[in-house]
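All remarks here apply to the structure that follows.
The values are calculated or read from the model by the stated rules, or taken from the named source; none is laboratory data. Just so it is clear, the model here is predicted, and its values are computed rather than measured. Positions of Cβ are generated from backbone atoms using ideal geometry, with glycine treated the same way; all protein chains shown enter the neighbour counts. The protein model used for the area step is the full one, side chains on, heavy atoms only, and it has no ligands, DNA or RNA in it. Shrake-Rupley method; radii C 1.70, N 1.55, O 1.52, S 1.80 Å.
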Amino acid sequence: MTAQTDTTGSVTTVYKVSGMSCGHCEGAVSGELSQLSGVSSVTAVASTGEVTVVSTAPLDDEAVRAAVDEAGFELAGRA
């Protein structure tokens, strides 16, 4: 269930988010997650429901869940 990779200086984690259906949805989720401390990039893909987050350290799942909730979607877990 976890898709997390550590590379020098960064951690890449793929999350599953339910409810995204368009580019606006992708932007809303990306915008909220980008505000989390340590996040350097976010790529959301509505068609797959996958959100790839690159950060300087592993993120707190509850912080990610809260950010996704704030965007109006539901965190289904890690891909």
Using a 1.4 Å probe on the protein chains only, how many percent of the accessible area of region 5-79 belongs to carbon and sulfur? 49
If amide H atoms are built 1.01 Å from N in the plane of the peptide, which residues on other chains or at least 5 residues away come under 5 Å of the amide H of residue 76? 16, 17, 18
Phi-based couplings in Hz for region 54-66 (Karplus 6.51, -1.76, 1.60; Gly and Pro marked x): 10, 9, 6, 8, x, 8, 6, 4, 5, 5, 5, 4, 5
Estimated 222 nm signal from helices in the chain, with DSSP H stretches of n ≥ 4 weighted -39500 (n - 2.57), rounded to 500: -8500 deg cm²/dmol
Under the Karplus relation with 6.51, -1.76 and 1.60 and θ = phi - 60°, whole-Hz ³J(HN,Hα) for region 38-49, x at Gly and Pro, equal x, 6, 9, 7, 9, 10, 10, 10, 4, 5, 9, x
Please list 3J(HN,Hα) in residue order for region 15-29, calculated via the Karplus relation 6.51 cos²θ - 1.76 cosθ + 1.60 where θ = phi - 60°; whole Hz, with x for glycine and proline. 10, 9, 10, 9, x, 6, 9, 7, x, 4, 4, 4, x, 5, 5
Across bins of 10 angstrom width beginning at 0, how are the C-alpha pair distances of the chain distributed, in whole percent? 22, 60, 18, 1
The size of the Cβ-based charge dipole (Lys, Arg +1; Asp, Glu -1) of the chain about the Cα centre, to the nearest 20 debye, is 180
Can you find, among 38, 75, 12, the residue farthest towards the positive end of the dipole of the chain? Put +1 on the C-beta of Lys and Arg, -1 on that of Asp and Glu. 12
On the formula 1/(1 + (r/R0)^6), with r taken between the Cβ atoms of residue 63 and residue 18 and R0 of 25 Å, the FRET efficiency rounded to 0.05 is 0.85
With a 1.4 Å probe and every protein chain left in place, work out the accessible area per residue of region 19-79 in Å², rounded to a whole number. 52
